[in-house]
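The values are calculated or read from the model by the stated rules, or taken from the named source; none is laboratory data. Bear in mind the structure is a predicted one, so any value in this text is a computation, not a measurement. Please note: Cβ atoms are built from the backbone with ideal geometry, for glycine as well, and neighbour counts cover all protein chains shown. Accessible surface is based on the protein model in full, side chains and every heavy atom, while ligands, DNA and RNA are left aside. Shrake-Rupley method; radii C 1.70, N 1.55, O 1.52, S 1.80 Å.
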Amino acid sequence: MSKRPAPFAGKGAPAGPRSSKPGAKPGATREQVERRERFTRARREDLRAASGEDDLVILYGWHTVTAALRNPNRRLRRLLVTDNAARRLEEEGIAAAIAPEIVRPSAIDDRLLPDAVHQGLYLETDPLPSPAIEDVPARGTVLVLDQITDPHNVGAIFRSAAALAATAIVTTQRHSPDATAALAKAASGALELVPLATVQNLGRGLAALKERGFMVVGLDSDGEADLSDMTLRKPLALVLGAEGKGLRQSTRELCDKVARIDMPGEIKSLNVSNAAVLSLYIASRA
């Protein structure tokens, strides 16, 4: 099967050798970005090994950590804060269920990538409970992610989902980033607000949604009609494919409809996180 263009709003320019991933430095090559991602995974595994736990979740940054501290469903393990961050927590009346460890900023720097902006807060927690696909409420709009692996994109999608009141996000256990570190930072607290349901097989997950009455609409630049012209009904599942690849053929075949998003300007393709927020907005107006 040939690769599809950027998957949502027309025939975008073909991917070049340089990366356009959010969070990548301007001019970074794909090899440099992939090396960075390998480093991130290796660092996370080092921390998990040191803790003796395989499911360690790392959160950092003001909005990300304080949202987790306010979430009663979070099981906290360790909280590192700088003097300045500790004072700000006290001023804003944000209490933690565990005693924070006051450290120098360098103690947090050593646990993260060099350019991670932690704002004096670092938290280790358990993962949040993940609802089964059968427990996702049959109302509103659900986002389904088909092998979207970039954590910055998925984090931005979470933030849009929280802003536009999506019911849940569904993704696969494999071929998706962990809900930790860079993803959580990009989500800016939205991980605490939008349930994440993970499935072993996306096809079976979509079939389960359809059995419960969901209309399943895939988004792809080759869609049969503009999403804003379609008659949509709730509960609705919007399926987003990875940039460059688009929806897999097996996923497309399970959708009730495949839609595109027509753009009036010169640029006809959208970043997947931008496509997510626009499609959620269109669905909210339907």
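Can you name the number of the only condition in (1) under 24 Å from GLU243 (Cα atoms); (2) of a type in the set (Gly, Ala, Ser); (3) in contact with a Gly (Cβ under 8 Å, 6 or more places away or on another chain); (4) open to solvent by 10 Å² or more (accessible area, probe 1.4 Å) that ALA179 fails?
That leaves (3) as the condition not met.
So is PRO129 in a loop (DSSP other than H, G, I, E, B) and either in contact with a Gly (Cβ under 8 Å, 6 or more places away or on another chain) or open to solvent by 70 Å² or more (accessible area, probe 1.4 Å) (or both) or not?
Judged against the criteria, PRO129 is a match.
Residue-wise test of (1) within 23 Å of the chain's Cα centre (by Cα); (2) over 26 Å from GLN173 (Cβ atoms); (3) not small (Gly, Ala, Ser).
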{"site": "ALA68", "(1), (2), (3)": "yes, no, no"}
{"site": "VAL81", "(1), (2), (3)": "no, yes, yes"}
{"site": "ILE98", "(1), (2), (3)": "no, yes, yes"}
{"site": "GLU101", "(1), (2), (3)": "no, yes, yes"}
{"site": "LEU121", "(1), (2), (3)": "yes, yes, yes"}
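I need the full set of residues from region 134-165 which are of a type in the set (A, V, I, L, M, F, W, C) and surrounded by fewer than 21 Cβ atoms within 10 Å (Cβ to Cβ), in order please.
ALA138, ALA162, ALA163, LEU164, ALA165
Any residue at all in region 253-264 that's part of a helix (DSSP H, G or I), modelled with pLDDT under 95 and open to solvent by 10 Å² or more (accessible area, probe 1.4 Å)?
The answer is no, given that none of the residues of region 253-264 is part of a helix (DSSP H, G or I), modelled with pLDDT under 95 and open to solvent by 10 Å² or more (accessible area, probe 1.4 Å).
Please determine, by comparing only the residues of region 185-197 that are outside any loop (DSSP other than H, G, I, E, B) and farther than 20 Å from GLU243 by Cα, which one is most open to solvent (accessible area, probe 1.4 Å).
Per the stated criteria, the residue is LYS185.
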